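For reference, the structure is listed below as structure tokens.
Taken together, the values in this text are just the output of simple stated rules run on the coordinates, not laboratory data. None of these values were measured; they are calculated from a predicted model. Positions of Cβ are backbone-derived with ideal geometry, glycine not excepted, and every protein chain shown enters the neighbour counts.
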Amino acid sequence: MKPGNYPLDIYRGDTYRWQFTLWSDTDKTQPVDLTDVIARSQIRDKPAGKLLATIDCAITLPNVILGTLSADECAKLTATKCAWDLQLEWPNTDITTLLAGDVTVTIDVTDSAPTLVSVKASA
């Protein structure tokens, strides 16, 4: 099954938290059992590209995934267009990519990493 599309709009250097609650029915009465499931999430410059930042994932049973992008990890995002996804590894070692999407990064102003300027000395 194709992952759900969930684009992220990020302001570089800020902290972000996302909460995803998983249900096995459309009426949201049957929680997905996430016991012993491992959740992982990364932001890369493009799918299968260079790793730019890691989103820490924590599971609250029975069915909640909390993703946190710390300010330090977010500050590593120097590209303005990236990609991300959220994968689950089930106890039987099956992998499911739950969500994926584009990441749009607005470069921050305050506390921005300085740009090095090269000055050529003349003799």
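Values computed for the structure shown
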| quantity | calculated |
| --- | --- |
| Cα-projected label distance for D111 with A48, points at 7 Å along beta-carbon direction, nm | 3.6 |
| Net dipole in debye of the chain [+1 Lys, Arg Cβ; -1 Asp, Glu Cβ; about Cα centre; nearest 20] | 600 |
| Note, ³J(HN,Hα) from phi for the stretch 79-96, Karplus 6.51, -1.76, 1.60, rounded to Hz, x at Gly and Pro | 7, 8, 10, 9, 9, 8, 7, 10, 10, 10, 10, 7, x, 7, 6, 5, 10, 10 |
| Expected 222 nm ellipticity per residue - DSSP helices of 4 or more, -39500 (n - 2.57), all of the chain, to 500 | -500 deg cm²/dmol |
| Separation of the D27 and L61 label points, Cα + 7 Å toward Cβ, nm | 2.6 |
| Stokes-Einstein translational diffusion, the chain - Kirkwood Rh over all Cα pairs, 1.567 mPa s, 4 °C, in µm²/s | 80 |
| Per-pair calculated FRET efficiency, R0 = 22 Å: D14 and K81 via Cβ, rounded to 0.05 | 0.80 |
| Radius 13 Å from Cβ of R17, net charge of other residues (Lys, Arg +1; Asp, Glu -1) | -3 |
